[in-house]
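Below: one structure, written as structure tokens.
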Amino acid sequence: MPLIKEDRFVDDPFFFVPDGKAYPDEKGVIVTLARFQGEKESLFAHHAPVGVRLASSEHPQVLKADLPRLAAVVLEFPKFRDGRPFSWARMLRTRYDYKGEIRAVGDFLPDQLAFMARTGFDAFEVRQDFTLDQFRHAMTEITAPYQPSADGRKTIRELRAK
Amino acid sequence: MYRYDEFDARFVAERVEQFRGQVARRLNGELTEDQFKPLRLMNGLYLQLHAYMLRIAVPYGTLNSKQLRMLAHIARKYDKGYGHFTTRQNLQFNWPRLVDVPDILAELATVEMHAIQTSGNCIRNVTADHFAGAAADEIEDPRPIAEIIRQWSSLHPEFSFLPRKFKIAVSGAPNDRAALKFHDMALEIVKNDAGEVGYRVLVGGGMGRTPYIGYVVGDFVAKDDILSFLESVMRVYNEQGRRDNLFKARIKILANALGPEEMRRQVAAEFEEIRKGGTLQLPAEELARIETYFAPPAFEDLPDDMPQIDPDFLRTNVHAHRAKGYCIVTVSLKPIGGVPGDATDAQMDALAELMERYRLGEIRVSHEQNLVLPHVRKKDLPAIHARLKELGLATPNAGLITDIIACPGLDYCDLANARSIPIAQKIAERFADLDRQHDIGELKIKISGCINACGHHHAGHIGILGVDKKGVEFYQLQLGGSAASDASIGEILGPGFGKDEIAGAVERVIEAYLSLRDPGERFLDTYRRVGIVPFKNVAYREQLHAAY
Amino acid sequence: MLTANRLRDGAVLYWKAGAWVERLAEGEIFATQAEADAALAAAQDFVARNAVVSPYLFDVQDDGSPVKEREIIRAAGPSVRDDLGKQANESTSPSWGGRAGEAGSGGGPRAEPPPGSLRSPTSPSGGDEGLFDVSI
């Protein structure tokens, strides 16, 4: 699926390995949480960089100790209505100070992209027909937010104070 | 009241353009209805029985005359000349066209109004005591913190896709006029032993299928901590609220499942972390800045005598004000036989004109579907009352049995099982006699057309719930609910009544009360003293006779 | 019978022979479940073309009146305002108000309009080329 990162389409440096499938020769894999927890050291030793894909019911605190070594955390939106990944991303960025890639996958609307960016997502797996123009438009519709979030953007209150 | 600055104005304008784009994408098919629905709901736009319905936010129920005129204008230009004031202090238009809604929102933006987050699984309109800033018993005006909460919750990136809707209410007085205990989260302004003002925070109240009374999750939250605290509650809810079952997704379910102890522990733990981060602390200067918007008008030094006016109106619709020479006036939207909560465009314009003529400043919407003029000079009362009477807005029934709360029901609402408005009309007509109304005294009847309880029937002294019994409208009676500080959930009386029987059943219940009451007891008090059985016996008496 | 709402203005519509009408009385009554299901399937086309939303089937009696109260009200308008909706012969297209020439008292049987309050006719901007004629 097309991947947007840093305001452009990029090649995916990772390979998602579903449960039960063998690892590819290429480096850079993303696996589910269960698989990661079972094969952690082997993954880091032989298949780095490593990313973990969390279901929306899985709290990222389970990865806390591993975050310094993880290149990516992939947060899944099973249905766009399920807003838990916004909290997970925020926890990762602000509470656990995670510096790696936080990727959004699954069922989400372009209208949610701005919320994602604000909560700490920096990579987005989008539909085939989605354009960069649409992405940029979604990101810039609201200039200044009222409340602080993970992106460190100046809030309206801070802008007022200037 | 709050005035937008350039940032607020730009925010709303951008939101309007965003919605305009979303409507365009829906019309050209780029968005399916399934994708568009949450987006339009976040702008208060429902698809109802006859047409779309647009719910416009009235933050903490406060409007100025310019805004009231705009609502009248929109009613005329885009709708059918009237609007409906709701149990969450908002205004609903029942007939807008989807294609017109972006223009409606653009016009609203010119008077600092919007429909942001009046629906959807996000934080909704923050409601407040409709006597805020005027009531004699007030510790502090709750609206500054309500405004701060409004801003903090607007397009909150983390909490716009909650398990379900989230309703917040704020009160600044010990006498709860904002139905705090039936909200997902509520703030009560309190003073601690040191005399400092802070917030008691409640969670887990709610109406609907499974009503709950909220409990305290924060006994005393300091002002500078309050946003951090609220965010911690939201995070616990967003993370753990149920997503598998729509009917179990509100925070009241989670609050009940975890229990007060565990909920407090989790919220406290989250609060600690957020507080450490510091980004959500509320500086005293910011709160003070917002408070200046809500500074009371400069009250004149006026004599406190009450001039001669209609004693019936004085008795029910005029209330004590903290400033000498002033009073609070309830503008009734409950004419006998009328549609509860409805106002025509002409009435709205006339009210605006009245507000301007007497420099009344603000008008409030109460969750009981009336309007309130908070700062009326007693000396102006006769003229104001006379004008209200001309406009059909002076029915002297505030708090009495004909001051009924009713949801739109099956006459308008796609979700309804039964009509509520005709039931309200029937009951009001039956009890129209004012002497009889005063004999009965304080009696809050609340009617919902379905289990979603938008009419707040669980909190009615007499609550009526419309149900669908094999395609026929039936009505269930509940007794003993209350949305005030003495909050309670009404108890179901028994099997339902047909639409031609329900008013009679209510009348028999009232007669039972009158025969059982001790001197000075309201209906609610008598019910609490004698229990449900005496009422049960009389309510079904007709059926019993019919059976023989 | 089959009903839906028009997307652009929310108006209630009834299926008739592959198209939509605004009056229940003009709508098609299906003799068999198979016919009804076929119409519902065909209606999905209008959904896909972003013309209507939420089509669904409902029952009527032999005389053509709906079985459920909900559909009776939906076909007519709010029971508490007989001056509004289809029962008042209001047009829902192209101009929404469409009440020019209607000398109403401004209220229904129960509503107590204040003296001197007349609702002015509404005429929002924008024509409606739409997929439909009112006459269909």
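Numbers at a glance
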quantity: Test: B:Phe131 is of a type in the set (Phe, Trp, Tyr), in a loop (DSSP other than H, G, I, E, B) and within 14 Å of chain A (Cβ to nearest Cβ); calculated: no
quantity: Index of the failed condition, B:Leu373 passing every other in (1) under 21 Å from B:Phe299 (Cα atoms); (2) within 14 Å of another protein chain (Cβ to nearest Cβ); (3) assigned to a strand (DSSP E or B); (4) hydrophobic (A, V, I, L, M, F, W, C); calculated: (2)
quantity: Pair list, Cβ < 6 Å and 6+ apart or interchain, from the range B:1-26 residues that are β-branched (Val, Ile, Thr) to residues that are surrounded by fewer than 17 Cβ atoms within 10 Å (Cβ to Cβ); calculated: B:Val16/B:Ala106
quantity: Boolean, B:Pro96 is at the interface with another protein chain (Cβ under 9 Å from one of its Cβ atoms), assigned to a loop (DSSP other than H, G, I, E, B) and within 24 Å of the chain's Cα centre (by Cα); calculated: yes
quantity: Number of the condition not met by A:Asp82 [criteria: (1) part of a helix (DSSP H, G or I); (2) within 12 Å of another protein chain (Cβ to nearest Cβ)]; calculated: (1)
quantity: Scope the range A:49-96; condition more than 14 Å from the chain's Cα centre (by Cα) and either of a type in the set (Gly, Ala, Ser) or at positive phi (or both); matching residues; calculated: A:Ser57, A:Ala65
quantity: Within the range C:11-34, considering residues that are over 9 Å from the mean Cα position of the chain (by Cα) and either within 14 Å of chain B (Cβ to nearest Cβ) or not in a loop (DSSP other than H, G, I, E, B) (or both), the one nearest to C:Gly64 (Cα to Cα); calculated: C:Ala25
quantity: In the range A:144-158, residue farthest from B:Ser228 (Cα to Cα) [restricted to those that are facing chain B (nearest Cβ under 8 Å) and part of a loop (DSSP other than H, G, I, E, B)]; calculated: A:Ala144
quantity: Residue under evaluation B:Arg26, criteria (1) at the interface with chain C (Cβ under 9 Å from one of its Cβ atoms); (2) buried (at least 23 other Cβ atoms within 10 Å of the Cβ); (3) in contact with a helix residue (DSSP H, G or I) (Cβ under 6 Å, 6 or more places away or on another chain), criterion not met; calculated: (2)
quantity: Total residues in the range B:167-189, condition more than 16 Å from B:Phe229 (Cα to Cα) and not in a loop (DSSP other than H, G, I, E, B); calculated: 4
quantity: Residues of the range C:52-77 satisfying the condition of being buried (at least 20 other Cβ atoms within 10 Å of the Cβ) and either in contact with a Phe, Trp or Tyr (Cβ under 6 Å, 6 or more places away or on another chain) or more than 7 Å from chain B (Cβ to nearest Cβ) (or both); calculated: C:Val52, C:Pro55, C:Pro66, C:Glu71, C:Ala75
quantity: Candidates B:Arg265, B:Arg177, B:Arg200 - the one that is closer than 24 Å to A:Gly83 by Cβ and either touching a Ser or Thr at 6+ places or on another chain (Cβ under 7 Å) or not aliphatic (A, V, I, L, M) (or both); calculated: B:Arg265
quantity: Helices (runs of 4 or more DSSP H) within the range B:460-548 that include 1 or more residues under 26 Å from the mean Cα position of the chain (by Cα) and more than 30 Å from C:Ile73 (Cβ to Cβ); calculated: B:523-530
quantity: Residue in the range B:36-50 that is touching a Lys or Arg at 6+ places or on another chain (Cβ under 6 Å) and outside any helix (DSSP H, G or I) present; calculated: yes
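A quick yes/no check of all residues on (1) touching a Phe, Trp or Tyr at 6+ places or on another chain (Cβ under 8 Å); (2) more than 28 Å from B:Ala453 (Cα to Cα):
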site: B:Asn192; (1), (2): yes, yes
site: B:Gly195; (1), (2): no, yes
site: B:Val216; (1), (2): no, no
site: B:Val221; (1), (2): yes, yes
site: B:Phe229; (1), (2): yes, yes
site: B:Glu239; (1), (2): no, no
site: B:Asn245; (1), (2): no, no
site: B:Ala249; (1), (2): no, no
site: B:Glu261; (1), (2): no, yes
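Each value in this text was obtained by applying a stated rule to the coordinates, not by laboratory testing. In this text the structure is predicted, and so the values were computed from the model without any measurement. No Cβ is skipped: glycine too gets one built from the backbone with ideal geometry, and neighbour counts run over all protein chains shown.
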